[in-house]
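Encoded as structure tokens, the structure appears first; notes follow it.
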Amino acid sequence: MRRPLPLSAAALALPLFFLLLFSSTADAHNITKILAKHPEFSTFNHYLSITHLAGEINRRLTITVLALDNSAMSDIISKHFTVGTIKNVLSLHVLVDYYGAKKLHQLSKGTTLSSTLFQASGSATGTSGYVNITNLKGGKVGFGSEDNGGDLNSFYVKSVMELPYNISILQISKVITSADAEAPTAAPLSLNLTEILPKQGCKAFCDLLIATGAAETYQSNIDGGLTVFCPTDAALNAFLPKYKNLTAAHKVSLLLYHGMPIYLSLQMLKSNNGVVNTLATDGGAKYDFDIKTDGEDVTVKTKVVTATVTATLIDSEPLIVYELDKVLQPRELFKAVPEEEDEAPAPKAAKKKKTKAPSPTASDGEEEEDADSPIGSDESDGEPEDQKSDKDGAFGSNGQSIVAMILSLWLSVLLV
């Protein structure tokens, strides 16, 4: 028979249970932010960003980065490689496995081959994308490209940061040389957004970008990474009556609201649930929205509408374009509506008309019309107070059920 759990132990178990239940999942690693704390790697960090290797590193769950300090990076810069070639060289320094300092000195048989992002890219020929790691005498660890005749031309210096078994950043002494990685590469094709969008079914959206001048802002962000949410032509044509009522400046803001100044693949989008900024974000003007994932479905949720990502129209890093079934309407330009009205507007509106007391200042139907129209200078865009009371609470009605469940579990521990 099991012994009863002491009261003191049970009391300690309760806050621990709460902590485990409500603690948020740790953020994924961000190589750019990590290296920003180490200025001696600033050049290496810069080229990880402009080659978009930083995004590939951040998407990996298990990764080892062989970092080069500013002095070692001068060897690459002095050769005046194209950005494409620099990407190949640096991708040879990203191992798709976890190696901490301890593991380096405890290699089975003293040596191993590790695949890299260069091998994974498909640009490497044969096994040139593999790196030989050898534990030498006296605790020295050497690194060399597999296509370099086994020459270990770079050596372990120190561990910069380790998060087992997620990401490890190790400093090495020199660039790992590889004739294959350093071979000339063709310049990347120029991505012209206004040429791409019409071919992908986004002609109506593209026409508005050009007419308002917003296309220039989109185009200027492509090199650094750009995610575009393009409403279907049908959705945009249905929205045009509201669009025409906006001022010229608000039209630009609405269009910029459909872009994000970062490349987010579908996998990254699904794991990036939460509030994100847009091209329209500017200081106090938030112009943000929520990304939500439900299984394979991804939605973009503003306080006014919820749109569903229905297709990926183009994915050519640093540019990705998604198709939406609705036009995104920011709360800065349109009155927010309760969540349930956004999901099912017609039934909810009918129900409210039957139960709500007559307003002395507004006729029937005015409230529903205002919720969909551009905000006036003296109108509030807040939510109804009865909606706020549930949302502002610590748990709300669903939270009460959670608390009841926790208390029940706790009592069962005490009584066992």
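Label-to-label distance for His46 and Lys158 is 2.2 nm, based on points extended 7 Å past Cα in the beta-carbon direction. In this view, the solvent-accessible surface of Glu146, computed with a 1.4 Å probe and all protein chains in place, comes to about 70 Å². About its Cα centre, region 66-174 has a charge dipole of approximately 260 debye under the convention of +1 per Lys or Arg Cβ and -1 per Asp or Glu Cβ, with nothing else charged. Judged by the ratio a/c of the largest to the smallest principal axis of the C-alpha gyration tensor, region 56-163 counts as rounded, that ratio being less than 1.5.
Only protein heavy atoms count here; on that basis, with a 1.4 Å probe, His250 has an accessible area of about 80 Å². Of the cross-linked pairs Lys87/Lys140; Lys33/Lys158; Lys37/Lys137; Lys87/Lys301; Lys37/Lys174; Lys103/Lys174, which ones have a Cα-Cα span greater than 24 Å in the structure shown? From Lys87/Lys140; Lys33/Lys158; Lys37/Lys137; Lys87/Lys301; Lys37/Lys174; Lys103/Lys174, over 24 Å: Lys87/Lys140; Lys37/Lys137; Lys87/Lys301.
In this structure, the amide hydrogen of Phe289, modeled 1.01 Å from its nitrogen in the peptide plane, lies closer than 5 angstrom to those of Val276, counting only residues at least 5 positions away or on a different chain. Rounded, prolate or oblate: which fits region 113-166, taking a ≥ b ≥ c as square roots of the Cα gyration tensor eigenvalues, rounded meaning a/c under 1.5, else prolate when a/b beats b/c? Oblate shape, in that a/c is at least 1.5 and b/c is the bigger or equal ratio.
The values are calculated or read from the model by the stated rules, or taken from the named source; none is laboratory data. Note that this is a predicted model, so its numbers are computed, not measured. Reconstructed Cβ throughout: ideal geometry from the backbone, glycine too, with neighbour counts over all protein chains shown. For the accessible areas, the whole protein counts, side chains as well, though only heavy atoms, and no ligand, DNA or RNA atoms are used. Shrake-Rupley method; radii C 1.70, N 1.55, O 1.52, S 1.80 Å.
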